[in-house]
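Values in this text are rule-based calculations from the coordinates and carry no lab data. A quick note: this is a predicted structure, and the numbers were derived from the prediction, not measured. Counting neighbours? That spans all protein chains shown, and the Cβs are built from the backbone with ideal geometry, glycine included.
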Amino acid sequence: MRTGVAVLLSASVFLALGFGCEKGGGNRTTKGSSAEPMMQKEVAHPKETAMPAPKPDGTVSLKLVPENPDVLTGLRAELAGTPPGARMLTENLRWFVNGVETEGGKDRLQGNDLRREDIVHALATVAVNGEEVSLESPPATVRNAHPETVFADLSPLAPKTGEVVRVACRGRDADGDTVTFRVRWFVNDEEIPGEISETLSLKTVSKGSWVHAEVQSFDGIAAGSKMFTPKILVVNAPPVVDRVTFTQGEGSVFSAHVMVTDPDGDPVTIRQKTLPEGVVLSGTVLAGDVSSIPPGTKAPVVLRISDGDGGDIEYSFRLTSSQK
């Protein structure tokens, strides 16, 4: 029986030597192959170095965790189905990446030098009831590392109805993939259907509403972590003067209609601050006679316009007399 075990081990070592090749472009530190000396020792001293194969009933086995590793998690070697008194001789643990032996820790292989799609397995010596058993783990394939969202914020921080809010975000990806973002927008905690871009128009969002966004990173393969932006309040928007239309009457008589809108729909009042002599304001209409204005000079008109909710502006223009 012992001779048969030695033959099996020789065959397994031969297969390990002929398996795969290292991917180019890495900085992975590899060990010199020790498989050939082991074969020579085994042939020369089969009774001293040949190790029994794992028991077919699966009493003890070697596994790698997690089952789906990535470059962030790395891998750890563990014993499964460990009988009492069994222990892994961690100083003899050997790691292989794409068939090439690689430097690793006592029970862990860090993910720093791994790349997506690398295939990893380990060889370990386990002491069981005074005997040493050589175990090989099943292979584990390094999977895609999910991207991370690390920052998300909105600007401006005090938007007004009619303005555009933009999300600013940053992410990272352990595999070096380009990170993009998927955005969901919320107004008063209700999602706005169909709004998925990095900007949101507040044209139909009223003052007093709270706006925030959910940002999720994406590396072109899989979606990553999510992050909510802080909530921002839509504040009152001041009135806006659209235009002033003039109507010329007889002689030097004129009228001017000040056309004003409020983005929030608030009622607007117009009051005079500075008016030339002979000009009066009634509601949104200026009327008067500019004959008192010296020819060739410009008389200032300054109006105070308010929406009654803190939105106050001053609007000014000049009247010129064409009288000669």
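A few notes on this one:
- Cα centroid separation, segment 60-126 to segment 194-273 (Å): 59
- Gln248 paired with Arg116, simple spin-label distance in nm, labels 7 Å along Cα-to-beta-carbon: 7.2
- Between Glu163 and Leu202, the built amide H atoms are under 5 Å apart, and every one of these is 5 or more places off in sequence or on another chain.
- The phi torsions of segment 141-158, fed into the Karplus equation with coefficients 6.51, -1.76 and 1.60 and a -60° offset, translate into couplings of 9, 6, 8, 5, 7, 5, x, 10, 8, 10, 7, 7, 8, 10, 8, x, 7, 10 Hz, rounded to whole numbers, with Gly and Pro shown as x.
- The relative contact order of segment 148-233 comes to 36 percent, based on Cα pairs under 8 Å that sit 6 or more residues apart.
- Trypsin sites (Lys or Arg not before Pro) restricted to DSSP loop in segment 194-291 with at most 12 other C-beta within 10 Å: Lys203
- Inter-probe distance in nm under a simple model that places probes 7 Å from Cα toward Cβ, at Glu195 and Phe151: 2.4
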